[in-house]
Amino acid sequence: MFTAENSGYMNRIVGNKLKKLRQAKDMSQEEVANGLCMSQSAYARIERGESCSWASYMNRICEFFQLTPEELVKDEEEPIAKNNDLIKENKTLNALLNAYGKIIMMREGEILVLKAIIKGLKSNTQE
């Protein structure tokens, strides 16, 4: 169901879909906008996911790009792809965390050495 709560999400899905379709046809935003009988700026807002006016133009959009309304609004990014991206990101973050942990351990070791040197220097100056 299309509600105000999910309209932003739906706007992004439709906008991304329209951009991909337009680029696949090697067309400019102005060419598509002219084909849909709308201004280029209105079409650009739809493509950026900033407007829900695509709903008013759904029939024209579907005819222009030769797709069904269901195909227009379907989120094609598979959950598996999203999950794989999250796994890669998690591995990267874990690698960074491990690297920073090693750097911290090295610095803590250096601090201990420097403290020992300072202690030795203090005891030498007191003698």
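Residue check: is E76 assigned to a helix (DSSP H, G or I), on the phi < 0 side of the Ramachandran plot and out of contact with any His (no Cβ under 7 Å at 6 or more places or on another chain)?
Numbers: assigned to a helix (DSSP H, G or I): no; on the phi < 0 side of the Ramachandran plot: yes; out of contact with any His (no Cβ under 7 Å at 6 or more places or on another chain): yes.
No, not satisfied.
When the test is whether a residue is of a type outside the set (F, W, Y), modelled with pLDDT under 85 and under 30 Å from A33 (Cα atoms), E70 does not pass it. Looking across segment 46-57, the residues that are within 11 Å of L18 (Cα to Cα) and either assigned to a helix (DSSP H, G or I) or touching a strand residue (DSSP E or B) at 6+ places or on another chain (Cβ under 7 Å) (or both) come down to I46, E47, W54.
Please tell me if A24 is over 17 Å from V73 (Cβ atoms) and of a type in the set (A, V, I, L, M). Yes, satisfied.
The values are calculated or read from the model by the stated rules, or taken from the named source; none is laboratory data. Keep in mind it's a predicted model, so treat the numbers as computed, not measured. Here Cβ is always computed from backbone atoms with ideal geometry, including for glycine, and neighbour counts include all displayed protein chains.
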